[in-house]
Amino acid sequence: MTASKEYLANVEPEKPNQKFGSRHYIVFMLFLGMANAYVMRTNMSVAIVAMVNQTAIEKDPDLLDDECPDTDYGDTSNDDEDRGEFVWSTSMQGYILSSFFYGYVITQIPFGLLAKRYGAMRFLGWGMLINSVFAFVVPVAARQGGAGWLIVVRFIQGLGEGPIVPCTHAMLAKWIPPNERSRVGSIVYSGAQFGTVISMPLSGLLADHGFDGGWPSIFYVFGIIGTVWSIAFLLTCHEDPVSHPSIREDEKKYIQQSLWGNASVHIPPIPWMNIAKSLPFYAILLAHLGQNYGYETLMTELPTYMKQVLRFSIKTNGVLSALPYLAMWLFSIVVGWVADWMLTSGRFNHTWTRKISNSIGQYGPAIALIVASYTGCSRALTVAILTIGVGLNGGIYAGFKINHLDITPRYAGVLMAFTNCSANLAGLLAPIAAGNIIEGKPTIAQWRIVFVIAACVYLFTATFYNVFASGARQFWDNPENDEPQKASIEAPNGAANNSNGTTSSALTHRTVNEQQS
């Protein structure tokens, strides 16, 4: 702890006196990009409720699917049950919802590696442009080609969104100093919840009152928004502080000096063998797997649960399905600020900060899912519990989600590509598993199985993370081990280079990391 305080007091580069700098603009655009990405990911969850004729789906005649009666506040209506254009079984709906993730998964690692070699910004911008443009094709594919062509188009959208997380992580590693990462990472990744909060209620309104039959307008409206953002991002953002033509010199110096070797033009080859033997890496990987399975279960299936079991109308469905993600968005920002305070106060190191934040973020929703599975037809109680549980899930952004940048800032984008790819393989199983579990039996008992499975996955992976995670920069990403002529950057506070090419700043960072571990 003493070393950490000494670092903050004596070595930390001077922060520029600037309320809104170039790095803040990058953060703002990455936040909007994450929001757009999740809009494209979640709008199908609400749209498919309006697309499918729920009353025409074959169900087990011996099982009750209307256990919960109509209520005054449920705003249920028989009118919207028969308007759906398509008769798709719940398992087919699961395949449609998961098709996006097949494309999303297979581009994670390639884009992570390409971003390390060629830069992240253009892959991110062009990928999101492809995603946005193909949103316009969704209604045509569904109406002309049925479920098969719809799955193909959603798959292509997933391909385009593949760069969003590894490339965002790579850009954060180049732009954000270590002691700003918790709150900045929380802000950027909370764009996912912001996008969900915007997408679900607006999708519900568009499905009810939009043009071209309602649900197609969802994809047209969000396709336009995504296209505008992609073009703005490509025209106004830059890869790193060095390539930015108008960044203030004091801000550039502050960022470069804070990153300790990360701003160097030369980055050594990826240490694959050391990564493969790293338990802190596997802790992040397992936590990411558990998060995506639980999160995708809720994100893709919650609107269907609201419709089938709690019997909310499409419009009310969209608003109430968004409430948990509004709570998560707000809580994630608060946790990010608290986590940075924990670090700067010197009372907690990076390891404990990440573990505490992640425990809140994964144990919380696990408990909520178990409790919610036993609330039956108590609509208000069920929505309240899920809102609290998913809200607490926001802790993961100051937990494992930003942990890649702690253990290896120079290879954070590559590691994020691997963990996000693996996590989304687990995530795409969530709607398929849920669809098959409730196939023909959309009862509370069957939905309980869906929720309890997700809760158990959360519990196991969070515990593994608490045992093996670390917040210390790993020895295999130590700039002191680089070739001196390629690793040197200007030392903070004018510190001179040592004879072996390292700086006193680097030595201090090493001391801090030893203390953290």
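Details
- Only one entry of Y374, Y458 meets the criterion of being modelled with pLDDT of 85 or more and either surrounded by fewer than 24 Cβ atoms within 10 Å (Cβ to Cβ) or of a type in the set (V, I, T) (or both), and that entry is Y374.
- Condition check for R473: among the charged types (D, E, K, R) and at pLDDT below 50: no
- Taking the criterion of being at pLDDT below 85 and either assigned to a helix (DSSP H, G or I) or open to solvent by 70 Å² or more (accessible area, probe 1.4 Å) (or both), the residues of region 338-371 that qualify are D340, L343, T344.
- Filtering region 349-406 to residues that are free of Cβ contacts under 8 Å to residues at least 24 places away in the same chain and not aliphatic (A, V, I, L, M) leaves T375, S378.
- Members of region 429-466 found to be aliphatic (A, V, I, L, M) and over 23 Å from the mean Cα position of the chain (by Cα), listed by number: I437, I438, I444, A445, I449
- Residue count for region 276-297, restricted to those that are of a type in the set (A, V, I, L, M, F, W, C) and open to solvent by 10 Å² or more (accessible area, probe 1.4 Å): 6
- If you go through region 175-219 and keep only what is among the small types (G, A, S), touching a residue at least 40 places away in the same chain (Cβ under 8 Å) and in contact with a Phe, Trp or Tyr (Cβ under 9 Å, 6 or more places away or on another chain), you end up with S182, G185, S186, S190, G191, A192, G195, S199, S203, A207.
- Lone unmet requirement of (1) surrounded by 19 or more Cβ atoms within 10 Å (Cβ to Cβ); (2) modelled with pLDDT of 85 or more for G148: (1)
- Considering the conditions (1) in a loop (DSSP other than H, G, I, E, B); (2) within 27 Å of Y325 (Cα to Cα), I247 is excluded by exactly one of them, (2).
- Among residues of region 244-257 that are open to solvent by less than 20 Å² (accessible area, probe 1.4 Å), those with a beta-carbon under 7 Å from a residue that is in a helix (DSSP H, G or I) at least six positions away or on a different chain give the pairs I247/S22; E251/S22; E251/R23; I255/R23; I255/W175; Q257/P492.
- Scanning region 391-413 for residues that are of a type in the set (A, V, I, L, M) and open to solvent by less than 10 Å² (accessible area, probe 1.4 Å) returns I396, A398, I402, L405, I407, A412.
The values are calculated or read from the model by the stated rules, or taken from the named source; none is laboratory data. Values in this document were obtained by computation on a predicted structure and should not be read as measured data. No Cβ is skipped: glycine too gets one built from the backbone with ideal geometry, and neighbour counts run over all protein chains shown. All accessible areas refer to the heavy atoms of the entire protein, side chains included, with ligands and DNA or RNA removed. Shrake-Rupley method; radii C 1.70, N 1.55, O 1.52, S 1.80 Å.
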